[in-house]
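Enquirer: Before anything else, here's the structure in question.
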Amino acid sequence: MSVSSDWGPAPAGIDLTEDQDGEILRPVIALMTLGIIAVAIRLVARCKSGTGIAIDDFLIFLALIFALGTAALCITSIPFGGGKHLWVVTFSEFTVLWKLAYSFVLIYATTVTLTKASILLFYRRVFGINLAHRICMGLVLGYWVAITIAWVSGCRPASYFWEQFTDPDAEGTCINTSLFYFVNGICAMLIDIAILCVPIPTILKLRMPNSQKIAVAGILLVGAFVCIASIVRIFYMDKLVKAQDFTWAMAQVFIWSCCEPLVGIVCACLPTFGPLLRRWFRTVASTAEVNSNSNSWNPNKPRSQWKPYHGGFRIRQDDELELTVDVSHGNAQFEGQGGTGIHVQNEFTWADADGSVGSRKHS
């Protein structure tokens, strides 16, 4: 690897041949794939449920597009010195790298805003609207407006952001980027925590067993990992602004700033998987039971047999894929794909205590 003379001699003890290309590519590509799969499953689940695509689904799809944009910028940074030591990076490469960083802030802010808005709209659809929901939505939108205005107007001209380090003749002013990064990270993390807490009171009031309440809350609280990712991102951002080796320290900031929104998207999609998973489990269970019945079929056996089912009884029919007959405490409910025109005839056989056998047909 050639050594650039633009930044002067490298400090002793630094291996200028090492880089962090693998550390950047592996988690970013993995989470890109996971995010795409999660959103795809969410959209399929919504379509299969018959309710169609809602506004929160549309926003999470947009969030994925912008998140893939952050991933693309992260990967694009590699040939321009991202994850390499500063002393092997030329001024021209550094300029491109800092342009990518400038764009990254705006795309990142848009990504997390769309993700948070999608989560809040999902809450509204499921739990309704309350004061906490309105406050959080205001904070989310206010965050995006404040970050965008502060960043776009922070450097005059904007080119001064990337020219101030490489062009001695560059003139302009910039905000305190160290303070900006810190405030940005803290605000994003606090909003994440607030959004996680919004549905908890409503879940606790639901009339369901405590185990189910815990399960529902657990799915939503998986999003707590996003808060952890935010904290890690703030930690590496602080290291970046204090580092002499900018391009080396920037790699971890890019990684966590890219992974955080993708993890948020996956967490936002998890609660929507329920209907599709239940449909899949029912299909698997029905298929397994039909296969078991066909393998053990005996022409001398009665066409129906009683089996205990959730404290009542269930009549299992030979045509269970087409018709299900449920009997519970003397009441029968018929559900068939053929509508009300289906005629059902069952034969019941029983044995009394004295050994006599009887049968009865019922239509």
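Enquirer: Test of understanding: ordering 85, 133 by Cβ neighbours within 10 Å, fewest first, what list do you get?
Expert: Values: 85 24, 133 19.
By the 10 Å Cβ count, ascending, the order reads 133, 85.
Enquirer: So which trypsin sites (Lys or Arg not before Pro) in the range 123-208 end up in coil per DSSP with only 13 or fewer other C-beta atoms within 10 Å? Please report the intermediate quantities before stating the final value.
Expert: Values: sites: 124, 125, 134, 205, 207; in loops: 207.
Loop-located and lightly packed - 207.
Enquirer: With a ≥ b ≥ c the root eigenvalues of the C-alpha gyration tensor of the range 21-278, is it rounded (a/c under 1.5), prolate (a/b larger than b/c) or oblate?
Expert: prolate
Enquirer: Report the extension gain between residue 55 and residue 187 in nm, rounded to one decimal, defined as 0.36 nm multiplied by the number of residues separating them, less their alpha carbon distance.
Expert: Numbers: separation 132, 0.36 × 132 = 47.52 nm, distance 2.50 nm.
Contour length minus the Cα-Cα distance gives 45.0 nm.
Read-outs throughout are calculated quantities, based only on the coordinates presented, and are distinct from any laboratory measurement. Nothing here was measured: the structure is a model prediction, and the numbers come from that model. All Cβ positions, even for glycine, are placed from backbone atoms using ideal geometry, and neighbour counts span all protein chains on display.
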